[in-house]
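Asker: Structure provided below as structure tokens; questions to follow.
The values are calculated or read from the model by the stated rules, or taken from the named source; none is laboratory data. Fair warning: this is a prediction, and the values are worked out from it, not measured in the lab. Glycine gets a Cβ as well: all are built from the backbone with ideal geometry, and neighbour counts include every protein chain shown.
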Amino acid sequence: MRWLLAFLLFLPFPLFAQGQLIYTDPFMNAGSTPEGWTLTGNWVINGDEELEAGGSRNAVALAAPVFPGCNVCRLETTIEAPDGRAAFLAWYSDAGNYVELSVKRDATRGDNIWRLRQISNGVVLAHARGRQAPLNPDAEVRIVFDGLRFTVQIDERDPIITMDKAPGLSAYGTAGYQVKRGIARFKFLNIYSS
């Protein structure tokens with residue numbers, strides 16, 4: 001039994017952090033739209049197997065109803081928004097109840113501005129911002145929720161945003177994307193429960 005404990009202590013942390021994959025969509029059917037998603041605006045899976053929106057203002061794509069939400073979980077995706085503003089939506093119940101991680105490129109400083117907001121009944125209950133220079137055009141985004149707080153990581157670096165869950169915010173709902181202007185691309189959506 002001691003050898004097992006010693007073995008487990010030396011395993012890399014990501015093995016423990018992985019959790020159970022409860023939803024995935026790799027966006028692999030080029031020229032089509034994703035199955036099981038509710039779409040508003042212009043969305044297509046492009047030839048690079050990315051979900052892409054552009055040409056319409058306020059385009060929204062929601063995975064429905066495949067993800068019912070979770071109290072302890074991790075959501076992962078990629079976001080590329082070279083000339084606009086895009087958001088990763090999580091715990092989305094309706095247009096007035098969700099968590100939003102948005103990104104906007106700051107051309108002057110050459111970095112990205114990330115903003116995490118918790119919205120309940122149309123009211124922003126909490127928000128936080130972080131800045132980070134991009135490593136790649138498409139940022140790998142991870143939102144971890146431990147039941148009490150949200151932590152945001154970009155490109156597997158140190159967390160740039162940590163925020164406590166606001167009272168009244170529900171941890172239930174689906175996940176998706178919003179493009180507020182310009183063009184944005186997303187390569188996959190993975191959701192893990194812990």
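Asker: Considering only the range 106-138, state which residues are more than 18 Å from residue 148 (Cα to Cα) and either among the charged types (D, E, K, R) or in contact with a Leu (Cβ under 7 Å, 6 or more places away or on another chain) (or both). Write out each step before concluding.
Answerer: Filtering the range 106-138 for residues more than 18 Å from residue 148 (Cα to Cα) gives 106-115, 121-123, 129-138.
Of everything in the range 106-138, those that are more than 18 Å from residue 148 (Cα to Cα) and either among the charged types (D, E, K, R) or in contact with a Leu (Cβ under 7 Å, 6 or more places away or on another chain) (or both) turn out to be 106, 109, 111, 114, 115, 129, 131, 138.
Asker: Could you list, in sequence order, all residues of the range 94-107 that are part of a strand (DSSP E or B) and modelled with pLDDT of 90 or more? Before you say what the answer is, go through the steps one by one.
Answerer: Quick first cut of the range 94-107, residues part of a strand (DSSP E or B) only: 94, 97-106.
Selection gives 94, 97, 98, 99, 100, 101, 102, 103.
Asker: Mind listing whichever residues of the range 18-27 are under 16 Å from residue 175 (Cα atoms) and not in a loop (DSSP other than H, G, I, E, B)? Working first, answer last.
Answerer: First pass over the range 18-27, keeping only residues under 16 Å from residue 175 (Cα atoms): 21-27.
Across the range 18-27, the qualifying residues are 21, 22, 23, 24, 25.
Asker: I would also like to ask the following. Provide a single number: the residues in the range 95-114 that are within 25 Å of residue 170 (Cα to Cα) and in contact (Cβ under 8 Å) with a residue 40 or more places away in the chain. Walk me through how you get there before you give the answer.
Answerer: Within the range 95-114, the first condition is being within 25 Å of residue 170 (Cα to Cα), and the residues that meet it are 95-103, 114.
From what's left, in contact (Cβ under 8 Å) with a residue 40 or more places away in the chain: 97-102, 114.
Result for the range 95-114: 7.
Asker: Keeping to the range 43-68, report how many residues are among the polar types (S, T, N, Q) and modelled with pLDDT of 90 or more. Quick ask: steps written out before the conclusion?
Answerer: So the first thing to find is which residues in the range 43-68 are among the polar types (S, T, N, Q), and the list is 46, 56, 58.
Those still in the list that are modelled with pLDDT of 90 or more too: 46.
Counting residues in the range 43-68 that are among the polar types (S, T, N, Q) and modelled with pLDDT of 90 or more gives 1.
Asker: Let me ask something else. Pairs under 8 Å by beta carbon, first residue under 22 Å from residue 180 (Cβ atoms) in the range 66-93, partner modelled with pLDDT under 85 and of a type in the set (A, V, I, L, M, F, W, C), six or more apart or different chains?
Answerer: Every condition considered, the pairs that remain are 91/169; 91/171.
Asker: Kindly establish whether residue 29 is at pLDDT below 90 and out of contact with any Ser or Thr (no Cβ under 8 Å at 6 or more places or on another chain). Reasoning before the result, please.
Answerer: On the way: at pLDDT below 90: yes; out of contact with any Ser or Thr (no Cβ under 8 Å at 6 or more places or on another chain): yes.
The answer is yes for residue 29.
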